Amino acid sequence: MNSQQHIAILGSGNIGLSLAKGLVKAGICKPQQITLTRRNVGALSAYAEMGYHTTDNNLKAVRKADYVVLAVLPQQLNKLLDEIRPSIRPEKQLLISVVSGVSCADIRQQLDLNVQVIRAMPNTAIAIGQSMTCIATDNGTPKNINFARSFFETVGVTIQINEELMTSATALCACGIAFFLRSIRAASQGGTEIGFHAHDALKMAAQTAKGAADLLLQLSSHPEQEIDKVTSPSGCTIAGLNEMEHNGFSSAMIKGIKLSAAKAGDLYHKEQ
Ligand SMILES: NC(=O)C1=CN([C@@H]2O[C@H](COP(=O)(O)OP(=O)(O)OC[C@H]3O[C@@H](n4cnc5c(N)ncnc54)[C@H](OP(=O)(O)O)[C@@H]3O)[C@@H](O)[C@H]2O)C=CC1
Ligand SMILES: O=C(O)[C@@H]1CCC=N1
């Protein structure tokens, strides 16, 4: 993005604000280049003080934007699209949607405009530049795809996938961060039960989880390859691991991801 360009983030809630913070933290743009919208604009007052433009007027926000990020809930999208249709300039603007379960075609159909749409599925770690963001489009030009990839690459890791996998990407990556956060919480609760104060147990569990993830990412190894280095014969690790598996540890994660994917696919279409 150059310093003259502007982004409108329509629906500045959990993920919209995480994206805004990540872009500014990464130095991609200044707060002054971002307009944050939400109906309860008063909730954005702290961001206004940081230099972001804030408004409840989506039409005005879109009018001055080069990039329009759709970040409302699926059930809120159609009303938003109907509102901003007059400001959309297909030849000049790129729409980036993070809305789960809504295809590029759904968005164009609702707008009744042949506008380029890129779908992105980030997670909240985008706020600290550590997102796993999946990108997909059905009509994006190579230029816009490259922009989207480089854009989101500044706030984490990106992968381009076929659009039909975006619902699965929602479950594995966007929802997935919550699954891993819960597992860290559970480990810290175990830690407290075996003697650590909650604060220490959480710090220890979080750093241990970070180390596990970094082993895989930095060594390109497989989890079981790394687990085999930990499980000493007749040792305490394999005793704990097997007890967890006897209680459905892996199965619970798999079932949760499958259910999230199924739900993500229904969120928008069941509203129609
Ligand atoms: N949270 C996450 O980790 C991720 C979420 N997503 C997707 O992003 C979208 C948003 O999710 P999330 O951020 O969690 O939800 P939130 O409810 O936190 O954010 C949605 C925001 O949209 C605002 N909003 C609703 N209607 C309008 C409107 N007409 N004009 C302007 N603002 C509006 C709401 O504020 P107000 O009511 O004041 O208008 C709210 O702040 C969803 O589609 C979700 O599937 C995707 C990846 C990750
Ligand atoms: O929970 C949700 O529906 C959204 C999509 C992924 C993360 N949050």
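The values are calculated or read from the model by the stated rules, or taken from the named source; none is laboratory data. Only a predicted model underlies this, so the values are computations on that prediction, with no experimental measurement involved. Neighbour counts are summed over all protein chains in view; Cβ atoms, including those assigned to glycine, are modelled from backbone coordinates with ideal geometry.
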- Item | Complete set of residues in segment 217-240 that are within 30 Å of residue 156 (Cβ to Cβ) and in a helix (DSSP H, G or I) | 217, 218, 219, 223, 224, 225, 226, 227
- Cβ pairs under 9 Å, 6+ apart or interchain, first in segment 61-82 and on the phi < 0 side of the Ramachandran plot and among the acidic types (Asp, Glu), second surrounded by fewer than 23 Cβ atoms within 10 Å (Cβ to Cβ) and part of a helix (DSSP H, G or I), ordered by first then second residue, are 82/110; 82/111
- From 65, 8, 43, which residue is more than 11 Å from ligand 1 (Cβ to nearest atom) and modelled with pLDDT of 95 or more? 65
- Item | Matching option when the condition is farther than 21 Å from residue 269 by Cβ and in contact with a Ser or Thr (Cβ under 9 Å, 6 or more places away or on another chain), among 157, 117 | 157
- Task: Tell me which residues, restricted to segment 180-191, are loosely packed, with under 15 Cβ neighbours inside 10 Å and either in the same structural domain as residue 123 (by the TED database) or over 23 Å from the mean Cα position of the chain (by Cα) (or both).
- Result: 189, 190
- Item | Subset of segment 120-175 (residues that are away from ligand 1 (no atom under 16 Å from the Cβ) and in contact with a Leu (Cβ under 6 Å, 6 or more places away or on another chain)) | 144
- Task: Might you let me know whether segment 169-177 holds any residue that is closer than 21 Å to residue 210 by Cα, touching a residue at least 24 places away in the same chain (Cβ under 8 Å), among the β-branched types (Val, Ile, Thr) and not assigned by the TED database to the domain that holds residue 80?
- Result: yes
- Item | Which listed residue is in contact with an Asp or Glu (Cβ under 6 Å, 6 or more places away or on another chain) and away from ligand 2 (no atom under 15 Å from the Cβ), from 138, 112 | 138
- Could you grab me the full set of residues in segment 1-38 that are free of Cβ contacts under 8 Å to residues at least 60 places away in the same chain, surrounded by fewer than 23 Cβ atoms within 10 Å (Cβ to Cβ) and hydrophobic (A, V, I, L, M, F, W, C)? 24, 29
- Message: Taking the criterion of being assigned to a loop (DSSP other than H, G, I, E, B), outside the structural domain of residue 155 (by the TED database) and among the hydrophobic types (A, V, I, L, M, F, W, C), would at least one residue in segment 1-9 satisfy it?
- Response: yes
- Message: What's the number of the only condition in (1) under 27 Å from the mean Cα position of the chain (by Cα); (2) more than 21 Å from residue 158 (Cα to Cα) that residue 213 fails to meet?
- Response: (2)
- Kindly indicate whether residue 210 is among the basic types (Lys, Arg) and touching a residue at least 60 places away in the same chain (Cβ under 8 Å). no
- Residue satisfying all of: in segment 202-212; within 18 Å of residue 237 (Cβ to Cβ) and in contact with a helix residue (DSSP H, G or I) (Cβ under 9 Å, 6 or more places away or on another chain); surrounded by the most Cβ atoms within 10 Å (Cβ to Cβ) among these: 205
- Query: In segment 149-168, how many are crowded, with 18+ Cβ neighbours inside 10 Å, among the aliphatic types (A, V, I, L, M) and under 23 Å from residue 210 (Cα atoms)?
  - Reply: 1
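Would it be correct to say that residue 213 is more than 16 Å from ligand 1 (Cβ to nearest atom), in a helix (DSSP H, G or I), out of contact with any His (no Cβ under 6 Å at 6 or more places or on another chain) and outside the structural domain of residue 97 (by the TED database)?
Answer is yes for this residue.
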- Query: Given the structure, is residue 98 in contact (Cβ under 8 Å) with a residue 60 or more places away in the chain and not hydroxyl-bearing (Ser, Thr, Tyr)?
  - Reply: yes
